[in-house]
Structure formats: structure tokens, C-alpha cells
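The numbers here are math on the coordinates, done by the rules we state, and not lab data. Everything numeric here is computed off the predicted structure, so don't read it as measured data. Methodologically, a virtual Cβ is constructed for each residue, glycine included, from the backbone with ideal geometry; neighbour enumeration extends over all protein chains shown.
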Amino acid sequence: MKQNLEIYNQVDWWNPKHSLKQMVPVRFDYFTKQIGNLKGLKILDLGCGGGLLSEEFAKRGTEVIGVDISENSIAIAKTHALENNLTIDYKSGTAENIPANDNTFDVVICADCLEHVDNLEKVIGEISRVIKNDGMFCYDTINRTLSSKITVCWIANRILRWQNKHLDVSEKSYAVHDWNKFIKPVELYQLMNKYDFKNIEVKGIQFAGIKNGSFKARIGENIKIAYIGYARKK
Ligand SMILES: C[S@@+](CC[C@H](N)C(=O)[O-])C[C@H]1O[C@@H](n2cnc3c(N)ncnc32)[C@H](O)[C@@H]1O
């Protein structure tokens, strides 16, 4: 079944039980270990959703710009930042046409978004355009394997449906993960190479049990389902 992003317009981003919320510490710890000192950096959170990661970076003294295709998610992110006295520049826009000038960011974060975009090559080209030379591109996404078909397209999509059963969205919107759009690491490396990135590291995001109805994850060596890593612009 093809993916449909309608659900992101209604998702309860800041619900502590939400699986994306549960993923924040795993992603944030990994990215910050690679980035080092955050203070004063200019960071783009591409596909920022409700601002879960943007806020973590903003709290540590970075200047954060968050961009997402979902206008409702951007509205939720703006309200939440305001309520928490955080200054974050949220914009609705697409990863295929990032609303930013060339050579703007020290770091671009793209968490759990690359596998949703319509034109991956255009997105990587755009990230390369807006990132400064020697800047970092931090990503995590889903591998296109039989394991991901079973765990993400069958199991995780069903959990998502159960978690969001109260939403007024069409049935097809629960198929938010389209296996055909998942990305093999080698495909990502080839595109990054074409657009002046050198991949530095990749690790697996591994299943670590269920807690309060949501799955837990940890960083490991197995990249068969999902992977996280970073590259530098040459
Ligand atoms: C799984 S959510 C991840 C949100 C956030 N990065 C996080 O980790 O909490 C994927 C997000 O990507 C956004 N998205 C999908 N396609 C996009 C595109 N082409 N351009 C910008 N955002 C997009 C969706 O609206 C959604 O908010």
C-alpha cells in the first residue's frame, strides 16, 4: 500500500506514549555525541514534525530552524515552543525545496523523514546546498529489507493504527510507511557522494522491547531495519 502523510497533520506529537517521542533520547544522544559542542551552532531540523528534536537542540543554545511539509505540525511546534519559552524559527516547506539560502547551516538533522520524501535525490541536493562546507548532515532512516517489511510495514503500521485510532483520518493514512520508499544505505551513500558528502559513520537502530504500549530502541550494529549516521560536506 502507498504511504499517505495525512496522519502527520493530526498526530499528537507531544503525547509521552507516542513512539516518536520515545525515540527522541536515542536520536538526540547519538547526534549530539557526533556533533560535540552545540552552543552557537545553526541547525536545520528537516521534517521536524511537532518539534520534538528541535526543542532539545534549542534548549542547548543552538539556533534552530525547523521545516516540515505538514502545516498543522508546524502550528503545533510553534505553540509548544512558545509555551516553553523557546525561540525556534519554524517554517512550513518541503525538503525538496528547502526555504533557506545556500551555505546557511552548520548541521542539518533529518530524522525519520528521508523515507517519506517524494524525490530523495532532490532532497540530498538541497541539503548539500543549504549546509556549510565541512558542515554535518545527521540522518536516520529505514532500510529496504525483508526485516523492515515485516517489522515496520506490518507490525509498526499496526501499532500506529492502534495508537491513533481516535483520529479522524482515512484508513489508508495508517500506511504511513511505504516499503518501496525505504532506502538501502548504499543508495544513500551514492547520493551523498554525488552531492559532496562523505559518510563518516552508520549504526543500527535496534528494537529494545515494548514499554507503555510503545516500542523502545537502542543504537547497535544491526542496520537491517533502521539506521542512523552522519556525513560531512567536503
Ligand atoms: C516520522 S515524522 C518525523 C518527525 C521528526 N523528525 C521527529 O523525529 O519527531 C516524519 C515527518 O516528515 C515530514 N515530511 C514528510 N515528507 C516531507 C517533505 N517532503 N518535506 C518536509 N517534510 C516532510 C512529515 O510531515 C512528518 O512530520
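The table below lists the values:
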item	result
Amide H partners (placed H, <5 Å) of THR62, local residues excluded	GLY40
GNM top mover of GLY49, GLY135, GLY209 - the chain, alpha-carbon springs below 10 Å	GLY209
Charged-residue dipole, Cβ positions (Lys, Arg, Asp, Glu), the chain about Cα centre, Debye nearest 20	760 debye
For VAL108, VAL176, order by how many other beta-carbon atoms lie within 10 Å, fewest first	VAL176, VAL108
Per-residue Cβ neighbour rank within 10 angstrom, fewest leading, LEU53, LEU160	LEU160, LEU53
Ellipticity estimate at 222 nm from DSSP helix runs (n ≥ 4, -39,500 (n - 2.57)) divided over the chain, nearest 500	-8500 deg cm²/dmol
Calculated from backbone phi, Karplus (6.51, -1.76, 1.60) coupling profile of segment 206-211 in Hz, x at Gly/Pro	10, 5, 10, x, 10, 9
Which of ILE228, ILE43, ILE183, ILE150 has the fewest Cβ neighbours within 10 Å, and the rest in rising order	ILE150, ILE183, ILE228, ILE43
Candidates PRO99, PRO25, PRO16, ranked by Gaussian network fluctuation over the chain, Cα under 10 Å, top entry	PRO16
Size descriptor, Kirkwood hydrodynamic radius, that averages inverse alpha-carbon separations across segment 83-131, Å	12.0 Å
Tensor-based shape of the chain (alpha-carbon gyration tensor, a/c under 1.5 rounded, otherwise prolate or oblate)	rounded
For CYS48, residues with placed amide H under 5 Å, excluding near neighbours	VAL67, ASP68
